[in-house]
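Read the structure below first, then the notes.
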Ligand SMILES: Nc1ncnc2c1ncn2[C@@H]1O[C@H](COP(=O)(O)OP(=O)(O)OP(=O)(O)O)[C@@H](O)[C@H]1O
Ligand SMILES: [Mg+2]
């Protein structure tokens, strides 16, 4: 089976600053993989490097078997990747529904999720469809940010700290969303600080430190790995 994402020896820089020092990571189609690590470990940079949004990159990043290391961001996105950055980028002056109608479908990907399908999955957004972007709560904005990338037809989702700063009831709704997307066959790479949110959702875990992967294990090994994780993450 061709991996949805296969990263080998990835190095990345921001200007002179060398941030990733050889990241290796494989994500199979349909998997939910969580990238853990302390602040500054390089998790956001890994997602940005996949999208071609850092400075120089070295190594290999294959998306569905296609080498992307020399591609510009728009071509990478067209392979069917949806990136949801920490800053959600909701257009404040547009309504919830206008935000949803904005993204064009990616040429290389399949059809995007219809607005109806999105409202079925996120009833909150259906209720708020005519509300202005700025009037949405943090949780609603986060759901909208994820919903918007589903509209593009992307099947590989890179989600950066989606649970951050949100109330427990919203975090639960986001957990249900991840479970639903997994059941629909999406492949998901989640960067998370909130270990309790990520733990029950992920098939596999990677832990980063100082721009390298220092641990990787499957959900079945999670309990046995807790002492190591406590040390690495302070959870
Ligand atoms: N635009 C940038 N220019 C220079 N250095 C950066 C830039 N963005 C991040 N860094 C540095 O790269 C390292 C990794 O940052 P990154 O944002 O990937 O961390 P992270 O694991 O996502 O953690 P967190 O989100 O908690 O900050 C940090 O040392 C950070 O200071
Ligand atoms: Mg980050």
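Derivation of every value follows stated rules applied to the coordinates shown; laboratory data play no part. Quick caveat, the model's predicted, so the values are computed rather than measured. Glycine also receives a Cβ, built like all others from the backbone with ideal geometry; neighbour counts cover every protein chain displayed.
Angle between the Cα long axis of helix 138-150 and the longest principal axis of the chain, 0 to 90 degrees, nearest 10?
It works out to around 80 degrees.
I'd like the distance separating the alpha-carbon centroids of segment 88-153 and segment 1-33, in whole Å.
Result: 28 Å between the Cα centres.
What percentage of all Cα-Cα pairs in segment 167-225 are separated by more than 14 Å?
Values: 1049 of 1711 pairs.
Distances greater than 14 Å cover 61 percent of the Cα pairs.
Sorting 149, 69, 50 on the 10 Å Cβ count, fewest up front, what's the list? All intermediate terms of the calculation are to be shown ahead of the outcome.
Values: 149 21, 69 16, 50 25.
Listing 149, 69, 50 from fewest to most nearby Cβ atoms yields 69, 149, 50.
Quick one: 14, 206, 186, fewest Cβ neighbours within 10 Å first, how do they rank?
14, 186, 206
Please report, in cubic angstrom per residue, the volume enclosed by the convex hull of the alpha-carbon atoms of segment 115-235.
Cα convex hull per residue, to the nearest whole number: 122 Å³.
Calculate, for residue 219 and residue 129, the FRET efficiency according to 1/(1 + (r/R0)^6) with r their C-beta to C-beta distance and R0 25 Å; round to the nearest 0.05.
For R0 = 25 Å, the calculated efficiency reads 0.10.
Percent antiparallel among DSSP beta bridges with both residues in the chain, to the nearest 5?
That works out to approximately 55 percent antiparallel.
Using a Gaussian network for the chain with springs between C-alpha atoms less than 10 Å apart, which of these wobbles most: 107, 66, 184?
184
By count of other Cβ within 10 Å, fewest leading, how are 79, 102, 10, 47 ordered?
102, 79, 47, 10
Mind ordering 175-181, 129-135 by average Cβ neighbours within 10 Å, highest first? Don't skip to the answer; put the middle values down first.
Numbers: 175-181: 16.9, 129-135: 14.0.
Taking the mean over residues of other Cβ atoms within 10 Å, the ranking is 175-181, 129-135.
Averaging sequence separations of C-alpha pairs under 8 Å and six or more residues apart, then dividing by the length of the chain, give the relative contact order as a whole percent.
28
Starting from the Kirkwood radius over alpha-carbon pairs of segment 29-159, derive D by Stokes-Einstein at 20 °C in a medium of 1.002 mPa s and give it in µm² s⁻¹. Present the calculation step by step, with values, prior to reporting the outcome.
Numbers: Rh = 15.8 Å.
Taking Rh from Cα pairs, D becomes 136 µm²/s.
If you bin the C-alpha pair distances of segment 93-148 every 10 Å from 0, what whole percents do you get?
25, 56, 18, 2
Based only on the alpha carbon positions, what is the Kirkwood hydrodynamic radius of segment 5-233, in angstrom? Provide the component values of the computation, followed by the final result.
Working: mean 1/r = 0.0557 Å⁻¹.
Result for segment 5-233, one decimal place: 18.0 Å.
222 nm [θ] for the chain, helices only, -39500 (n - 2.57) per DSSP H run of 4+, per residue, to 500? Please report the intermediate quantities before stating the final value.
Values: 9 runs with 76 residues, N = 235.
Using -39500 (n - 2.57) per qualifying helix, the result is -9000 deg cm²/dmol.
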